[in-house]
1. Which residues, taken from the stretch 395-410, are touching a residue at least 24 places away in the same chain (Cβ under 8 Å) and either under 16 Å from ALA434 (Cβ atoms) or not assigned by TED's automatic domain parsing to the domain that holds HIS372 (or both)?
2. Mind telling me which of the residues TYR334, TYR339 ends up being among the hydroxyl-bearing types (Ser, Thr, Tyr) and in contact (Cβ under 8 Å) with a residue 60 or more places away in the chain?
3. In the stretch 166-182, is there at least one residue being surrounded by 18 or more Cβ atoms within 10 Å (Cβ to Cβ) and closer than 30 Å to ARG285 by Cβ?
4. Could you tell me which residue of the stretch 420-440 is farthest from LEU476 (Cα to Cα), considering only residues that are modelled with pLDDT under 80 and either touching a strand residue (DSSP E or B) at 6+ places or on another chain (Cβ under 9 Å) or part of a helix (DSSP H, G or I) (or both)?
5. What pairs come up if the first residue lies in the stretch 460-471 and is touching a residue at least 40 places away in the same chain (Cβ under 8 Å), the second is among the small types (Gly, Ala, Ser), and their beta carbons are under 8 Å apart, counting only those six or more places apart or on different chains?
6. Return yes when ALA197 is modelled with pLDDT of 95 or more, touching a helix residue (DSSP H, G or I) at 6+ places or on another chain (Cβ under 7 Å) and part of a helix (DSSP H, G or I) and no when it is not.
7. Name every residue in the stretch 280-312 that is among the basic types (Lys, Arg) and in contact with a Phe, Trp or Tyr (Cβ under 7 Å, 6 or more places away or on another chain), in order of residue number.
8. Name the residue that is surrounded by the fewest Cβ atoms within 10 Å (Cβ to Cβ), counting only residues in the stretch 66-109 that are among the acidic types (Asp, Glu) and assigned to a helix (DSSP H, G or I).
Amino acid sequence: MAAADLNTSDSDGPGIDASLAAHAAWSRTEQRLAQAADMAATGNRPAALSLYRRTVEADDNAPLALLHFAQMLWAEGSRAEAAEAAVSAYELGLNQPEVVTTVQGFLRGLGDAGGSSAAPLRARFEHAFAAREPTVALAMIAKDEEEHLPGCLASVDGLVSQIVLVDTGSADSTVEIAKSHGAEVHRFPWTDDFAAARNVSLRHVTADWVLWLDADEELLPESHGPLRALLRDPEAAAAHLCIHNLMGDRTVSFLTTRLWRHHPTVQFRQPIHEQILWSVAPYARRYGRRVVEAREVVIRHYGYQPTVAAKRGKEARNMALLEKLVRDEPANAYALFHYASALREMGKLDEALDAFEKWEPMALAEDTSQVHWLRVGFANYAAALNVAERYDDSSRLLARAEEKCGRGASFHYQRALALHRLGRNEAALAQMEAAHSATRDVSASVESVDFQPMLVPMLTAEIYAALGREDEARKLFSEALEMAPDDPSPRVSLARLDIAVDELDSAAAHLAAALDSQPDAPLTLTTLAQVELYRRNLDKAVSLLRTAASTDASGEAGRLLGEALLMAGDTDGAFDAWEEAEQVKAAAAARALIDGAAGGSDPLGTLDASEVEAFWTLVGKVAALSAGADIPGGDLVVRFAGRAAGDTAVRADLMRVFLKHRFRAGIDAIRQTT
């Protein structure tokens, strides 16, 4: 099917159908080429030549078929026809170095024997060979992106020759900003379908290559040179570029297809979490090219930062689209996988596991050509089982996944994580070694732990830390930091190692540097707040925790904020913080402490086992901080000790805590009462 036969209207459906039909036709051509090659290899050259001829007649835009046909014609002595077919293949875009060498050889060998056809063939080849710098277009969709769009467009200034922006209903200055940067703006009403909108942008591209960015993304300046080199690579059909997703507490870095040669059959699929690789792969095979990996070309994505995501309501929007999709297309395994993953990200673990359980038989029934995302799906399912502490189920799932997808780094990684949590750290290290050395097919991958190189040293370092091998842990955390300098988690891990040995200044320096890259990261903020608590800077700790609690969906920052406020003497503020963060256990533990300090009888009697555990954790923290300074929370614990010491069991437990933390005031309070 010729490219011109494709429907290029702004309606997504017919265009997608035409693209799929073209790919199906290309697949039939591939099958015929394989059959012809087998015939030639077994000595049946006349039949092979006949099949090659029928193939190029049926598919006159098949460059590889033309080249193979030309090579067999030349071998059979039909040199003029061979040169014609070879030049036609080159004109269709088959311009790899070995193809150029073949065509040039044919034209030289043709010589004067080509008669009147020789000169026109040489002229056609020379015209097609005329060197020019390949062009690239930025294709994007946007709605109400006036905050981020200027940075995005500025990041490709001087690199792209065309900017195509499809606006899906902006009410702000998005369109004006785009036009001021020279963009071609096209309107397209939003239809709850990201692929449909993106395919509209592709239909207006006239450049040789397409670069996909979103408005809240920026191409790093140092990436321009490597990207230009990719455009000149005749072997490349597309490239996986490195995305740094800044997500507050961590940066999730992975490779995904963001650059490809422009062709009308290369279109997006799936209404949400849309992908282009499904279309890129058939195109790459047709032109004898490959999908390459370009870690040095980096895109920084800001949209998942807590403050940005909260402002946009991105999580709620995506979940609504996924719910609709799985309801309307119950057999869509790709949609169900993303729905389950989204539930897990939202903390709805039981619902996520139910969805994954429904997804697995659908995934096992998928064609093996879908391995590029099935591997990610199985890894995410195993990760959810690990979070639920269902380690045996995770292990059995990964065994089934390997039968379907083959071994991979992400599967080894999830096994290592489970073993680490079970305390089997030596076995976990063996799995991490396997993850590090695992091979993969770059052209068949979208994203996985393979593409997040930082994850391997991070987990390995955590395992070393658990084994008491601190120096090795520090080395690997530092390596992870070099791989992903935008990610706060290596610095937070290094800070925790420092805290454990009371190197508070060093810990604070690591955390401050982490906040420079992601200032609203809840985990970084809470860890720094703990450092300030150890330094007895209560007001600063409270301020940091208030900031963290505003974007921390887990409630952990809110729990710690309540503790800090209690230590600072603001009991009403503490209970407000616990209520807002839904930290019932923390509030119950603090209430028992306050009641006991006021003289209440049996203050621990109303607590369940988990609340009693929370009580002693709270008392231990207060005692530790009060050992070196007078703080209101310390006075509260002293009063509790003075009133509750009549209970022999409570008195013994209090004394153990106070002695551990060398809390002299608490020890004296117990001694005075006894």
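The values are calculated or read from the model by the stated rules, or taken from the named source; none is laboratory data. None of the values given here were measured: they were computed from a predicted structure. Glycine also receives a Cβ, built like all others from the backbone with ideal geometry; neighbour counts cover every protein chain displayed.
1. Of all residues in the stretch 395-410, those touching a residue at least 24 places away in the same chain (Cβ under 8 Å) come to 397, 400-401, 404-410.
Those that are touching a residue at least 24 places away in the same chain (Cβ under 8 Å) and either under 16 Å from ALA434 (Cβ atoms) or not assigned by TED's automatic domain parsing to the domain that holds HIS372 (or both): ALA401, CYS405, GLY406, ARG407, GLY408, ALA409, SER410.
2. Numbers: TYR339 fails: in contact (Cβ under 8 Å) with a residue 60 or more places away in the chain.
After ruling out the rest, the residue left standing is TYR334.
3. Yes.
4. Within the stretch 420-440, the subset modelled with pLDDT under 80 is 436-440.
If we keep only those that are either touching a strand residue (DSSP E or B) at 6+ places or on another chain (Cβ under 9 Å) or part of a helix (DSSP H, G or I) (or both) as well, we get 436-437.
Values: HIS436: 13, SER437: 16 Å.
Here the residue is SER437.
5. GLU462/ALA473; GLU462/SER493; ILE463/ALA416; ILE463/ALA428; ALA466/GLY423
6. On the way: modelled with pLDDT of 95 or more: yes; touching a helix residue (DSSP H, G or I) at 6+ places or on another chain (Cβ under 7 Å): no; part of a helix (DSSP H, G or I): yes.
So ALA197 fails the test.
7. Of the stretch 280-312, the ones among the basic types (Lys, Arg) are 285-286, 289-290, 295, 300, 311-312.
Listed by number, the list holds a single entry, ARG286.
8. Keep residues of the stretch 66-109 that are among the acidic types (Asp, Glu), which gives 76, 81, 84, 91, 98.
Keeping just the survivors that are assigned to a helix (DSSP H, G or I) gives 81, 84, 91, 98.
On the way: GLU81: 16, GLU84: 21, GLU91: 17, GLU98: 12.
Checked the stretch 66-109; the qualifying residue surrounded by the fewest Cβ atoms within 10 Å (Cβ to Cβ) is GLU98.
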